[in-house]
Amino acid sequence: MKGVYDYIIIGAGPAGCAAATRADAYGLSVLVIDEQPIPGGQIYRTLERTDARRMALLGKDYQQGGSLIEAFHHSKADYLPQAMVWQLTPDADVYYLCDGSAGRISARRILIATGAQERPVPIPGWTLPGVMGAGAMDVLFKSSALVPEGKVVLAGTGPLLYLVTCHLAECGVDVKAVLDTRAFGDYLKAMPWLPGAMQAPEYLLKGLRMRAQILRRRIPYYHAVRNLQVSGSNRVGAVSFKYNGQSHSIETDLLLLHDGVVPNTQMTRQLECDHVWDPVQRYWKPKLDCWGNTSVANISVAGDTSGIYGAKSAQIAGELAAVDTAFCLGAISSREKEKTVRPLRKQLKRERAIRPFLDALFQPHPEFYRPVNDDTIVCRCEEITAGQIRETAALGGLGPNQVKAQIRSGMGPCQGRMCGLTVSEIIADVHQLEMPDVGYFHIRPPLKPIHLRALASMEIE
Ligand SMILES: Cc1cc2nc3c(=O)[nH]c(=O)nc-3n(C[C@H](O)[C@H](O)[C@H](O)COP(=O)(O)OP(=O)(O)OC[C@H]3O[C@@H](n4cnc5c(N)ncnc54)[C@H](O)[C@@H]3O)c2cc1C
């Protein structure tokens, strides 16, 4: 590894791999840092180690990551796997933890391509063993070929929920039901965006195929479910819900929850980049120019960290960010830059055409983003309930940082990644404010827990 790189890229998903390959082609010195042992990110996780059976099951969308990863390996970009970045500075210093040791490395420019995370789904009982995210199941399946034993129920909404349902059913898992929060009105809200979505019909067809597969397998499917609750004494026993105005309960050994994914903004927050609120999908995203540059000089963002647009968009956005970096560092002329980006921008427009439709169709449900039951745990690390947050807000806590200082919500090991959005939503509800007026937690390093020993062993100049 070098002392100072032209370009450090954090994340080896579609955005990071594509940016690294492109930047290397322009002769820049590049380092890619990623927590995972091999490149691929969320969608192409463990692709190079996946056996033929799983490869066939995960389908074309998964397999097509092969060429991206191969090109990345063929590039001269340095690659630091199993390394977690826990701090960035506006001077483009990157602090990381690898093999139990903490280190620091510098760059002229940095690309944050750390992807997305599942939106928290705080319902009563969601912290019981046997309840997890559908995305987490996807991670276990891709990385370790694990599928659950016993009865499984999936609840929430979003394309990933259906994808995981199909994968599990294909593997012979006993899927007892899909409890979808989407109602007829959501389809109506999405209709105005359907003509735009037709620009890339393959996404619509994929959705219809998944729906058909669930029907073919006769998996009971409930629409517009409400009042989801988990019951069980020391682990999940059943999930209850309202459907068509009537109460239902289904026994299960595993409940998989999902309500879409949201940008992973911990790094851009820690750097104090400007952020904007997406009122449809109800998440924060960094404020960017058309190249992915943030409000902090020399720090840019690509992929799902910039907003949820999917894997192919992430790849193109990674390339655009790399082209801009090559130009800023004097590796290419403005003419070459413009010539290169024209087809990329066209592709990006096509890939993103489906998003307004998907965003309108799969809007997060208020029952999840503003839990009404006071006993529901919101901050899992510190075991703080919705009622405690509501009460602290009502006593004068106008923002998440005030509430955090008083009751420690967001102060645990996850640093608010799990509860940040929900805490702000509850405060907004109590004071009848808009989310941009409430804001978000101040994010401090370390972004994820590191041992004091590792910190103490760092060389200090
Ligand atoms: C759990 C989950 C499962 C998904 N599964 C699918 C799917 O099956 N099909 C589909 O079409 N879309 C899926 N998506 C959406 C998909 O991830 C994205 O559209 C696409 O992968 C985005 O690419 P990206 O490069 O922006 O980020 P990602 O692919 O998410 O890659 C981000 C990378 O950053 C690394 N990283 C994050 N934080 C740090 C850190 N602090 N230090 C070092 N490295 C870090 C991660 O290890 C990861 O490799 C999934 C999303 C999630 C959250």
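Here are the numbers for the structure shown:
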| read-out | value |
| --- | --- |
| Test for Ala107: is it small (Gly, Ala, Ser), within 15 Å of Ala20 (Cβ to Cβ) and within 14 Å of the ligand (Cβ to nearest atom) | no |
| Ala190 vs. criteria within 14 Å of the ligand (Cβ to nearest atom), touching a helix residue (DSSP H, G or I) at 6+ places or on another chain (Cβ under 6 Å) and on the phi < 0 side of the Ramachandran plot | no |
| Test: residue in the range 132-149 that is of a type outside the set (A, V, I, L, M), away from the ligand (no atom under 15 Å from the Cβ), more than 25 Å from Leu447 (Cβ to Cβ) and surrounded by fewer than 19 Cβ atoms within 10 Å (Cβ to Cβ) | yes |
| Filtered residues of the range 296-321 (kept if within 13 Å of the ligand (Cβ to nearest atom), out of contact with any Gly (no Cβ under 9 Å at 6 or more places or on another chain) and on the phi < 0 side of the Ramachandran plot) | Lys312, Ile316, Glu319 |
| Whichever residue in the range 366-382 is acidic (Asp, Glu) and either part of a helix (DSSP H, G or I) or free of Cβ contacts under 8 Å to residues at least 40 places away in the same chain (or both) and, among such residues, is nearest to Leu433 (Cα to Cα) | Glu367 |
| Selection count, the range 320-339, where residues are buried (at least 19 other Cβ atoms within 10 Å of the Cβ) and farther than 21 Å from Val4 by Cβ | 2 |
| So Val178, is it in a loop (DSSP other than H, G, I, E, B), within 19 Å of Phe368 (Cα to Cα) and in contact with a Phe, Trp or Tyr (Cβ under 6 Å, 6 or more places away or on another chain) | no |
| Criterion violated by Trp126 - all others in (1) near the ligand (Cβ under 10 Å from one of its atoms); (2) among the aromatic types (Phe, Trp, Tyr); (3) closer than 30 Å to Ile219 by Cβ satisfied | (1) |
| Filter result for Ala116 (farther than 24 Å from Pro37 by Cα and either touching a Ser or Thr at 6+ places or on another chain (Cβ under 8 Å) or near the ligand (Cβ under 9 Å from one of its atoms) (or both)) | no |
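Rundown of residues vs (1) free of Cβ contacts under 8 Å to residues at least 60 places away in the same chain; (2) among the aromatic types (Phe, Trp, Tyr); (3) in a helix (DSSP H, G or I), yes/no style:
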{"position": "Ala212", "(1), (2), (3)": "yes, no, yes"}
{"position": "Asn227", "(1), (2), (3)": "no, no, no"}
{"position": "Val239", "(1), (2), (3)": "no, no, no"}
{"position": "Leu255", "(1), (2), (3)": "no, no, no"}
{"position": "Leu288", "(1), (2), (3)": "yes, no, no"}
{"position": "Ile308", "(1), (2), (3)": "no, no, no"}
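Read-outs throughout are calculated quantities, based only on the coordinates presented, and are distinct from any laboratory measurement. It should be emphasised that the depicted structure is a prediction, and the values quoted were computed from it without experimental measurement. For neighbour counting, all protein chains shown are included, and Cβ atoms are generated from backbone atoms with ideal geometry for every residue, glycine included.
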